[in-house]
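This report concerns only the one structure given below.
The values are calculated or read from the model by the stated rules, or taken from the named source; none is laboratory data. Note that the coordinates shown come from a computational prediction; the quantities given were computed from them, not determined experimentally. Positions of Cβ are generated from backbone atoms using ideal geometry, with glycine treated the same way; all protein chains shown enter the neighbour counts.
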Amino acid sequence: MDARRPARGVRPRRHAARRALGLLALLVALFGAGLAFAAAAQAHATVVSSDPADGARLKSVPAQVQVTFDEPVTLGGLGYLHVTDGAGRRVEAGEAFHPAGNRAVVAVRLRAGLGDGTYIESFRVVSADSHPVTGIVRFVVGNGALVLPSSAPASATDPVTSTAFDALRWLSYAGVALLAALWLPLTVWPGGAAVPRVRRTVWWGWSLAVLGTVLEVVVQGPYAAGRGLASVADASLLDGTLHTAYGQASSARLVLLGVAAPLTGLVLSGRRGPYRFAVLPVLAGIALTFSFVGHANTTDPRWLSLTLDAAHLSAMAVWIGGLVLVLVALFPHGAAADLPRVLP
């Protein structure tokens, strides 16, 4: 035998290694591009009109004021619409509400007997993608000057809390992607269920998805309220979050992750049978919970928008999760017979 000839299986492994490294480089490039353009892709709720209009001059004080947004927004225990007079005194009567159940409009009634002068509306709402939105509207009653507010409106979010919340969302996405790697041992690489690295990767994904979702729910309240991380102990903020669409979708995700746990164990046990595929609709439901707290939930036709958004997330998770599993489990495992099957 020629000593210079590479051993059987070495060339396929080298070829697979080059392909895997190429895929990794592509993944890194796409991930970096996604981070670079993520800020431009996030379109939060914006004000389309107000009644009275900003800067309006009225003859008398209106019975109520309202602000209209370009998408449904949430008040709950985290948002508000306050009105103050020129002396900084609150003059609204009661809590803010959605007139006629229209969640794109926020209104509040004013006290009777108010006099002339400048009035300033300040609002904080939570947009469909869970981000807080703040702003002010000014109007004047009578012939006086329109007085500007003495101070600029507070920032919508605390910078530390905002960074922590974004990191937790990425943690949840990463966990779902690793969990979605389950498709490899479920389909083209059934022998992978017996590989310890495969099991560890998938279970790490499940754990990160659970941890990220729980911490997102805890931090969402301070994030939406514009407060620091120290306020995570405020039970009223947690209660407010759980009564929003974001909190309900996150709760549903945790339930689905709980259902996915025994089904994942079934797949990784290596047992055969069609019941192994029961985990797939559960994973699809988990992807759908992310869509329910995004702008897809406000775009018509809603059913199509939600379906396409969930499909996009699922495709991302399947691709990234599968690639990670190839790099950390399949290639190091060195099963020459498995490489052509998974990397044709």
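For region 175-192, the criterion of being more than 30 Å from residue 276 (Cβ to Cβ) and either in contact (Cβ under 8 Å) with a residue 40 or more places away in the chain or in contact with a Phe, Trp or Tyr (Cβ under 9 Å, 6 or more places away or on another chain) (or both) is satisfied by no residue at all.
Within this structure, residue 85 fails the test of being surrounded by fewer than 16 Cβ atoms within 10 Å (Cβ to Cβ) and not assigned by TED's automatic domain parsing to the domain that holds residue 295.
For residue 264, the test of being within 27 Å of residue 79 (Cβ to Cβ) and either touching a Phe, Trp or Tyr at 6+ places or on another chain (Cβ under 9 Å) or among the polar types (S, T, N, Q) (or both) is failed. Checking 80, 119 one by one, the residue that is among the aromatic types (Phe, Trp, Tyr), in contact with a Lys or Arg (Cβ under 6 Å, 6 or more places away or on another chain) and over 20 Å from residue 296 (Cβ atoms) is 80 and no other. When the residues of region 240-256 are filtered to those that are surrounded by fewer than 17 Cβ atoms within 10 Å (Cβ to Cβ) and of a type in the set (S, T, N, Q), the one that is nearest to residue 281 (Cα to Cα) is 251.
If the condition is being among the aromatic types (Phe, Trp, Tyr) and in contact (Cβ under 8 Å) with a residue 12 or more places away in the chain, then region 259-297 contributes 277, 290, 292. Any chance region 219-241 includes a residue that's basic (Lys, Arg) and free of Cβ contacts under 8 Å to residues at least 60 places away in the same chain? No. Any residue at all in region 261-275 that's closer than 19 Å to residue 219 by Cα and not β-branched (Val, Ile, Thr)? Looking through region 261-275, none of the residues is closer than 19 Å to residue 219 by Cα and not β-branched (Val, Ile, Thr). Number of residues in region 231-242 that are more than 18 Å from residue 162 (Cβ to Cβ) and touching a Ser or Thr at 6+ places or on another chain (Cβ under 9 Å) equals 1.
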